[in-house]
């Protein structure tokens with residue numbers, strides 16, 4: 001569904017040039033439910049904006065389905081955003097019109113796209129647990145209910161890809177679990193590919209695959225350690241992504257890998273490292289002159 005290779009994004013002003021993505025590689029399979037994590041400034045939001053058609057890449061390869069987002073025209077970009085991708089913001093006010101009911105809010109993108117379907121709008125609100133609240137206006141809905149309306153809106157035009165930017169950042173843990181359950185249900189029943197960007201490592205621990213981004217590059221992946229573990233269980237409450245996942249470093253096509261910074265700092269490795277092959281393992285060590293023996 002998503003293929004990024006050597007993806008670069010440069011922001012320029014009169015005085016400064018910032019490289020937000022420095023050759024990022026990422027592949028997401030169709031129908032996958034996965035998360036992207038990273039510190040502030042790592043490039044994860046830039047990546048999400050490019051995938052959502054909200055920003056243009058500077059160089060590299062970035063494809064979503066049949067769309068080449070590096071070469072896409074402005075008219076094609078409008079079609080892409082209307083039909084291929086749905087977006088959920090952390091601040092749901094960006095998605096909602098306060099003077100309309102929940103149902104009318106879901107119907108707006110349908111009308112803009114010329115595909116009005118009230119029955120489907122009702123069905124979406126039922127899927128997110130708002131069957132009895134669909135005729136309420138925003139001030140009559142809680143923050144968690146508003147976020148569920150936003151999820152229904154993002155699916156109004158039946159996109160193949162759903163992007164969620166900190167979707168549980170402004171709700172309590174119980175509502176967070178509810179929203180995560182909705183994502184799993186939609187992923188399973190509709191087959192929609194879902195990419196969640198989050199700082200919440202417990203939320204990231206609820207998906208099968210997590211990709212970490214650091215300094216504009218994919219640095220490591222976390223894959224579910226036990227295939228029989230039910231991440232959707234209400235009894236499973238990970239504190240960090242490591243509770244259920246094994247961490248793997250990423251090796252790109254040139255054979256380069258990003259060693260987690262914490263390990264480099266623990267070994268006091270700076271800009272150079274010694275590497276050896278003992279017949280079974282590759283050993284990475286500080287340069288001999290720094291080892292002290």
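Taken together, the values in this text are just the output of simple stated rules run on the coordinates, not laboratory data. From a predicted model like this one, the values you see are computed outputs, not experimental measurements. Cβ atoms come from the backbone with ideal geometry, glycine included; neighbour counts cover every protein chain shown.
A few notes on this one:
- Nearest-ten-degree value, helix 118-127 long axis tilted from longest Cα axis of the chain: 50 degrees
- Between residue 56 and residue 22, the simple label model (points 7 Å from Cα in the Cβ direction) yields a spacing of 2.5 nm.
- Between residue 142 and residue 117, the FRET efficiency estimated from the beta carbon spacing at R0 = 25 angstrom works out to 0.40.
- Fewest neighbouring Cβ atoms within 10 Å first, the residues 80, 120 line up as 120, 80.
- Computing Kirkwood radius over Cα pairs in Å for the structure here picks out one of (i) 20.7; (ii) 18.7; (iii) 20.1, namely (i).
- Helix 173-190 vs. the chain, principal-axis angle (Cα, 0 to 90°, nearest 10): 80 degrees
- Rounded FRET efficiency, nearest 0.05, which uses the C-beta distance separating residue 283 from residue 262 and R0 of 22 Å: 0.75
- FRET efficiency estimate (nearest 0.05) - Cβ-Cβ, residue 208 to residue 251, R0 22 angstrom: 0.60
- Rounded tilt (10° steps) of 102-112 against the dominant C-alpha axis of the chain: 80 degrees
- With contacts taken as Cα pairs under 8 Å at a separation of at least 6 residues, the stretch 3-111 carries a relative contact order of 23 percent.
- Residues 45, 274 arranged by fewest to most Cβ contacts within 10 Å: 274, 45
- Using the average count of surrounding beta-carbon atoms within 10 Å as a protection proxy, the listed peptides 52-61, 203-212, 109-118, 156-165 rank, highest first, as 203-212, 156-165, 52-61, 109-118.
- Residues in the stretch 17-35 that a label on residue 184 would reach, taking backbone N under 15 Å of a point 7 Å out along Cα→Cβ: 33-35
- DSSP beta bridges fully contained in the chain are about 65 percent antiparallel.
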